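A short worksheet on the structure shown next.
The values are calculated or read from the model by the stated rules, or taken from the named source; none is laboratory data. No experiment lies behind these values; they were computed from the predicted model shown. Cβ coordinates were reconstructed from backbone atoms using ideal geometry, including for glycine residues, and neighbour counts include every protein chain displayed. In case anyone asks, the SASA skips ligands and DNA or RNA and just uses the protein heavy atoms, side chains included. Shrake-Rupley method; radii C 1.70, N 1.55, O 1.52, S 1.80 Å.
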Amino acid sequence: MTQANSARRGALMTELYEESRRYMAAYALFNQAVADHLRLHPTDVQCLNLLSLESEPVTIGRVAELTGLTTGSATRLVDRLERAGYVARRRDAEDRRKVLVAPVPERMAELGALWQRLNRAWTRMFDDYSNAEVALLIAHMKRTVELGAAQIERLRTGSIDDEPAD
């Protein structure tokens, strides 16, 4: 890499890091606003989001895995969501000892309607991008999710000073 290219790359990486911090803060603030609108905790909103991506009802243990909470904290989160009418607990038909958490379709439809209203502006923003640019954004998001999971693991295991595997 030439010195000019190296300098340009350094400037771009600095800008990327700064904008990434703004992006993450903006998302956290947006999530808080959605939670406030719904009178929920931001973690509750993210839990509902993650539950909507699951193909079947899940155990409290799976809620804990999805959210990174302890099982005790996940139980309290499900308690809040149940009180708010977004989820229901039910016994597993195959193993009656197991309790599953299932989204309540009517409440999830209300949440979906809110997301549809909010997503109109995002859709208009993405109209400015080519299909190749949208594909690049999708690839970036997938890689970010994978790297984020690895970074979370590093933070939780106290191995933050270890270099992550490529």
* Per-q log10 I(q)/I(0), the range 28-86, q = 0.14, 0.20, 0.25, 0.27 Å⁻¹ (Debye; single scatterer per alpha-carbon; no solvent) -> -0.35, -0.71, -1.07, -1.19
* Asked: At 222 nm, what helix-only mean residue ellipticity would the chain give, in deg cm²/dmol to the nearest 500, using -39500 (n - 2.57) for each DSSP H run of four or more?
  -> -24500 deg cm²/dmol
* Asked: Which residue, chosen from SER55, ALA150, TYR23, occupies the Cα position most advanced towards the positive end of the dipole of the chain, where the dipole is computed from +1 (Lys, Arg) and -1 (Asp, Glu) charges on Cβ about the Cα centre?
  -> SER55
* Structure fact -> Inter-part gap, Cα centre of the range 1-42 to Cα centre of the range 132-160, in whole angstrom, is 14
* What does the highest-first list of 149-155, 75-81 look like by mean Cβ count within 10 Å? -> 75-81, 149-155
* To do: Take the Cα of PHE30, step 7 Å along the line toward its Cβ, and report every residue of the range 137-153 whose backbone nitrogen sits under 14 Å from that point.
  => 138, 141
* Expressed in nm², what is the orientationally averaged projection area of the convex hull enclosing the Cα positions of the chain? -> 13.7
* To do: Search the structure for amide H atoms under 5 Å from the amide H of VAL104, placed 1.01 Å from N in the peptide plane, and list their residues when 5 or more places away or on another chain.
  => VAL87, ALA88
* Structure fact -> Per the 1/(1 + (r/R0)^6) rule, R0 = 35 Å and r from the Cβ atoms of LEU137 and ILE160, FRET efficiency to 0.05 is 0.80
* Run the accessible area of the range 15-165 with a 1.4 Å probe and give the carbon-and-sulfur part as a rounded percent. => 55
* Could you give the dipole magnitude of the range 1-143 about its Cα centre, charging the beta-carbon of Lys and Arg +1 and that of Asp and Glu -1, in debye to the nearest 20? -> 280
* Structure fact -> Projected area averaged over all directions for the convex hull of the alpha carbon atoms of the range 78-166, nm², comes out at 10.5
* Asked: With each label point set 7 Å from Cα along the Cα-Cβ vector, what nm distance links ASP79 and SER130?
  -> 5.4
* Length gain on complete extension for the stretch ALA7 to LYS98, per 0.36 nm per residue less the alpha carbon to alpha carbon distance? -> 27.0 nm
